[in-house]
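Q: Next up is a structure, given as structure tokens.
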């Protein structure tokens, strides 16, 4: 399950900068995941 | 980033406000926030955000927006690019049907207001909408309409 910590790592990766469509449904991001 | 789907993630008004006020997704076109716990203040922030100049599709189904939150649509002026608004499974109610008839939503093509505690009076309000001239699909199923 994806949470704030691993999302933060993911979005800072090199390949993530090229992403145009990001689907993260049914995880546990919560409000912290939006920061 | 043109599309982000964070549906079903336990996001409340606080997360919605963060998205609306601190995001850097200036090219975002589709924002999917279905099945979260976003209430009136979160809805207000999303619809008043100036950070999404290209937004065309907002999905807020199954959240906790009520009439008082819906009223914020009347103050919003940043929704002219919006083509699709889906708010199924909230609590817009009768007056909420009035609040979607705003100039800011003049380019809206699809409006989903299913399961929103709407009764006959609400539909009558919708019928009088003069600004929704581009609307081609309107969903109001699973409300409390009579024959």
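Q: Six or more apart or on different chains, Cβ atoms under 6 Å: show the pairs whose first residue is in the stretch A:21-35 and at the interface with chain B (Cβ under 7 Å from one of its Cβ atoms) and touching a residue at least 12 places away in the same chain (Cβ under 8 Å) and whose second is assigned to a helix (DSSP H, G or I) and surrounded by 18 or more Cβ atoms within 10 Å (Cβ to Cβ).
A: Short answer, once both residue conditions are applied: A:33/A:7; A:35/B:18.
Q: Let me ask another. State all residues of the stretch B:118-137 that are under 20 Å from residue B:47 (Cβ atoms) and buried (at least 16 other Cβ atoms within 10 Å of the Cβ); if no residue qualifies, say none.
A: Scanning the stretch B:118-137 gives B:118, B:122, B:125, B:126, B:129, B:132, B:135.
Q: Now, a different point. Quickly run through the stretch B:72-91 and pick out the residues that are at pLDDT 95 or above, out of contact with any strand residue (DSSP E or B) (no Cβ under 7 Å at 6 or more places or on another chain) and farther than 16 Å from residue B:29 by Cα.
A: Of the stretch B:72-91, the ones at pLDDT 95 or above are B:81-91.
Add one more test, that the residue is out of contact with any strand residue (DSSP E or B) (no Cβ under 7 Å at 6 or more places or on another chain), and what stays is B:81, B:89-90.
The answer is B:89, B:90.
Q: Still on this structure: Which ones in the stretch B:21-37 are touching a strand residue (DSSP E or B) at 6+ places or on another chain (Cβ under 8 Å) and modelled with pLDDT under 95?
A: B:25, B:28
Q: Oh, and also: Would you be able to tell me the number of residues in the stretch B:105-115 that are at pLDDT below 95 and either under 18 Å from residue B:144 (Cβ atoms) or buried (at least 21 other Cβ atoms within 10 Å of the Cβ) (or both)?
A: Number satisfying all stated conditions: 1.
Q: Just checking, which of B:37, B:71, B:84, B:95 is free of Cβ contacts under 8 Å to residues at least 60 places away in the same chain and within 14 Å of chain A (Cβ to nearest Cβ)?
A: After ruling out the rest, the residue left standing is B:37.
Q: Something else about it: Being more than 13 Å from chain A (Cβ to nearest Cβ), under 13 Å from the mean Cα position of the chain (by Cα) and under 18 Å from residue A:33 (Cβ atoms) is the requirement here; does residue B:63 meet it? Show your work before the answer.
A: Values: more than 13 Å from chain A (Cβ to nearest Cβ): yes; under 13 Å from the mean Cα position of the chain (by Cα): yes; under 18 Å from residue A:33 (Cβ atoms): yes.
Considered against the rule, which asks whether it is more than 13 Å from chain A (Cβ to nearest Cβ), under 13 Å from the mean Cα position of the chain (by Cα) and under 18 Å from residue A:33 (Cβ atoms), residue B:63 comes out as yes.
Q: Follow-up question, since we're still on this one. Give the residue, chosen from B:18, B:12, that is without any contact (Cβ under 8 Å) to a residue 24 or more places away in the chain, more than 18 Å from residue B:79 (Cα to Cα) and within 13 Å of chain A (Cβ to nearest Cβ).
A: On inspection, the qualifying residue turns out to be B:18.
The values are calculated or read from the model by the stated rules, or taken from the named source; none is laboratory data. Predicted model only: the values in this text are computed from it and were never measured. Heads up, the Cβs are rebuilt from the backbone with ideal geometry, glycines too, and the neighbour counts pull from every protein chain shown.
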